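Heads up, the thing below is written out as structure tokens.
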Amino acid sequence: MFNHTMLTEEYGAWKSPITSEIVNDRRIVFKEVVNDPTMPDRIYWSELRFKAGGRFIVCSKDKGNPNETCYTDSKHSARSIVNGYGGGALLVYNSTIYFVNYRDQKVYRQKVPNGKAEVLVNSSKIYHADGSISPQLNRIFYVREDNSVRPVITTISKVDLATGKETIIIEGADFYSSPRVSPDGKKIAWVEWNFPNMPWDNTSLYTAELSNSGSIVENTIFRVSADGESAIEPKWSPQNELYYISDKTNWWNLYRVLEDGTSKIVLKRDKEACQPPWRFHMNYYDFYKRKIISTYDRYLQMIDMDTGDVQDIPTDYRTHVRLQASSSGDVYLRAEHSTNTEALLRINITTLEVSVVKKSQILDFGPGYISQPREIEFPTGDNNTEVAYGYYYPPTNRDCLGPRGSKPPLVIKVHGGPTVATRDSFLMLFQFWTSRGWAVFDVNYRGSTGYGREYRQKLYKNWGVYDVEDIVKGALHIVKLGLADREKLAISGGSAGGYVVLSALTFYPEIFRAGASYYGISDMELLVGQTHKFESRYVDMLIGPWPEANQTYYERSPVYFADNLNAPIIFFHGEKDWFVPVNQAEIMYNALLAKNKTTSLTIFPDEGHGFVKAGNKNAALDGENYFFSKVFGYENMDCDKGKLPIDNL
């Protein structure tokens, strides 16, 4: 029998097979999943390829064929940027792909498999997303964003597939999403909302009748949802019945609209049927005959529309999104695993047989390097009367042990948003750290999603307070459990997570020894004046309206309290970031320089908000590892790989 000898090495210095290239270069990220109703045994999807410069490539695969076909050439990328975050860039019908091209945001049409992409809607500074095709009307209905004016104007339009002519049919609200035409082409449903709301706050679901040309029939507009609920993702059944998701019970549940216009809950659960709609066209449910395939708490299930019977669909995966049901009896979707990479799945609705269409990455190392998360609930708030949540990942490496009696360093990971959530899905990024001897605690602070509307709204007027407090108390709770070294706590996050990093290091200067801020916010007032339309009033809810709450903005901006900083901080930012402008990092970096504090700033000239190019992502991850190695005094096999300038080391 082979006896495997484990080396005793300092935590953080463990030799790991998981390099930055494995984290970034060697994987893809599945984005949209769509089917062609005329080709039921073929599935289409778009995938983000970091090695292709962050382009979104459209691919397809036929059932029974092991080979895939990819269509997008080097001049195109199927990616929308409506509302900044996009989504809903891809449609397919009658073996024709319709996609929004990232560079010019024009709508293109491409015959498959060998057709050339040709412009369908030739407009300047007009962006499109979240479209749906009506074969009966021969039109696509889009969310349309006019960027030729400021502020931008969002509407719903129809595009004639024969001529490419575009006509606005719905206007007047600040935002729109989900224009969905009934299968018989007679009705349209859509969602709209107005400032200062975000789509998870207060939206209105409407329906209207359509003429034979796809115009709204006068005096037929009907409001389905009530005020004060987040009604999202409307969808028509094959029988022209309207369904949607609403959080009117505190939880996002699925509803059906009855003939009299009232709504009936399909299945009441204290679980979420979706995630917050930061992007368009996420597809958390779909129909096959008289069955609804849906997600609750990220698991998959099937509901009989006539009897209400519920059947779980076991897949061995934890999260299921982008559901597309085919008339052939298969459902396709993106699925996330807890200890393995993301996959595009095919599930037969009759047999429940699960097969993998494609994996995002093939692991070339064994399970002995994979850390398995466990959820930890911890006390927080005044007198610890509230709770927050997180996923703890222990150091894991089949070849290494830490010195006897020692505890590992801990890096707190802070998700962005802030109205999103972390989940117990496999992230190679975390394995990069845990396989080197770090512990990771990924926190769902108050305000995160997945725990109901009430928990989600706890952060309102408390951004920069509750989230920061929960991060700090979460770190100390892990120490109290004996799972981390109190003297070796670090914190890392991007965007709103980067803001929490800077706030925690500023307002709780004795907790963390180091931090990494990726495109983080440092000055709240600058953010209000510079961010894009979608989030331009978001901070009204999170902090308060500007300028009435200007004192609060000041008090929660870390840049004005840089004198409190004691811990080293490394910054990474994209020069083309229009969500959190690069000066947010430069101001904080210069404040640290003026205090002779250890710091580092890397600006990537070809990146925006959230890095998509493999070389930059590798440089940032290796740079963070290098920075932490210098701060915490360890050396592993690839620390020098990320060597970068550090000021005042």
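The values are calculated or read from the model by the stated rules, or taken from the named source; none is laboratory data. Quick caveat, the model's predicted, so the values are computed rather than measured. Neighbour counts run over all protein chains shown; Cβ positions are idealised from the backbone, glycine included. What goes into the accessible areas is simple: the full protein's heavy atoms, side chains included, and nothing from ligands, DNA or RNA. Shrake-Rupley method; radii C 1.70, N 1.55, O 1.52, S 1.80 Å.
For the chain, what is the charge dipole size about the Cα centre, in debye to the nearest 20, if Lys and Arg each add +1 at the Cβ and Asp and Glu each add -1 at the Cβ?
Taking the Cα centre of the chain as origin, the dipole is about 1160 debye.
Just for the chain, what percent of DSSP beta bridges are antiparallel, to the closest 5?
80 percent
Work out from phi, with θ = phi - 60° and the Karplus expression 6.51 cos²θ - 1.76 cosθ + 1.60, the ³J(HN,Hα) of each residue of segment 300-306, listed in order in whole Hz, and give x for Gly and Pro.
My calculation for segment 300-306 gives 10, 8, 10, 10, 6, 5, 8 Hz in order.
Note down the relative contact order for the chain as a percent, whole number, built from C-alpha pairs under 8 angstrom at least six residues apart.
Relative contact order comes out at 11 percent.
Where does helix 583-594 land angle-wise versus the long Cα axis of the chain, in degrees 0 to 90, nearest 10?
Taking Cα atoms only, the helix is inclined about 10 degrees.
Average projected area of the Cα convex hull of segment 44-132, in nm²?
For segment 44-132, the mean projected area of the Cα convex hull comes to 6.1 nm².
Can you give the FRET efficiency for Lys116 and Gln311, using 1/(1 + (r/R0)^6), R0 = 51 Å, r = Cβ-Cβ distance, to the nearest 0.05?
0.70
If DNA, RNA and ligands are ignored and the probe is 1.4 Å, what is the ranking of Arg109, Arg180, Arg279, Arg456 by accessible area, most exposed first?
Ranked from most to least accessible, the order is Arg279, Arg109, Arg180, Arg456.
Do you know the Lys pair count in segment 330-487 for C-alpha distances under 29 Å, with sequence separation 8 or more or different chains?
11
Evaluate the distance, in nm, between pseudo-label points positioned 7 Å from the Cα of Ala162 and of Asn550 along their respective Cα→Cβ axes.
The two pseudo-label positions are separated by 5.8 nm.
Report, as a whole number in µm² per second, the diffusion coefficient that Stokes-Einstein gives for segment 565-649 at 4 °C and 1.567 mPa s using the Kirkwood radius over alpha carbon pairs.
97 µm²/s
Using 1/(1 + (r/R0)^6) with R0 = 51 angstrom and r between the beta carbons of Thr69 and Glu510, what's the FRET efficiency to the nearest 0.05?
0.35
Can you give the local net charge around Ser425? Use residues other than it whose beta-carbon is closer than 11 angstrom to its beta-carbon, Lys and Arg +1, Asp and Glu -1.
0
Once phi is turned into θ = phi - 60°, what whole-Hz ³J(HN,Hα) does the Karplus curve with 6.51, -1.76 and 1.60 give for every residue of segment 41-47, x standing for Gly and Pro?
Karplus values, whole Hz, x for Gly and Pro: 9, 10, 10, 10, 7, 10, 9.
Please list the radius of gyration and Dmax for segment 169-238, considering alpha-carbon atoms only, with Å as the unit.
Rg then Dmax for segment 169-238, in Å: 12.1, 36.
Where does the chain land at 222 nm, in deg cm²/dmol rounded to the nearest 500, when only DSSP H runs of n ≥ 4 count, each adding -39500 (n - 2.57), divided by all residues?
Counting only the DSSP helices, I get -4000 deg cm²/dmol.
Using each residue's phi in segment 171-180, evaluate 6.51 cos²θ - 1.76 cosθ + 1.60 at θ = phi - 60° and report the 3J(HN,Hα) Karplus result to the nearest Hz, with x for Gly and Pro.
After applying 6.51 cos²θ - 1.76 cosθ + 1.60, I find 8, x, 8, 6, 9, 9, 7, 6, x, 10 Hz.
Between segment 507-556 and segment 233-251, how far is it from one alpha carbon centroid to the other, in angstrom?
35 Å
Tell me, in nm to one decimal, what length is gained between Ile153 and Arg374 on full extension, where the rule is 0.36 nm per residue of separation less the Cα-Cα distance?
75.1 nm
Seen from all sides and averaged, what is the projected area of the convex hull of the Cα atoms in segment 225-292, in nm²?
The directionally averaged projection comes out at 4.8 nm².
As an exercise, find the ratio Rg/Rh for segment 219-259 from alpha-carbon atoms, using the Kirkwood inverse-distance average for Rh.
Rounded to two decimals, Rg over Rh is 0.98.
Where the centroid of each part is defined by its Cα atoms, how far is segment 299-369 from segment 91-145 in Å?
One Cα centre to the other: 28 Å.
Would you count, across segment 82-213, every pair of lysines whose alpha carbons are under 27 angstrom apart, provided the pair is eight or more residues apart or spans two chains?
17
Considering amide H positions built from the backbone, and no H for Pro or chain starts, which residues 5 or more places from Ala514, or on another chain, come under 5 Å of its amide H?
Under 5 Å from the amide H of Ala514: Ile491.
Taking the Cα atoms only, what angle lies between the long axis of helix 496-507 and the longest principal axis of the chain, rounded to 10 degrees?
Tilt of helix 496-507: around 30 degrees.
Report the dimensions of segment 503-612 along its three principal axes from the alpha-carbon atoms, largest first, rounded to Å.
Between the extreme Cα coordinates on each principal axis of segment 503-612 lie 35, 34, 21 Å.
Mean separation of Cα pairs under 8 Å and 6+ residues apart, divided by the residue count of segment 378-474: what relative contact order is that in percent?
35 percent
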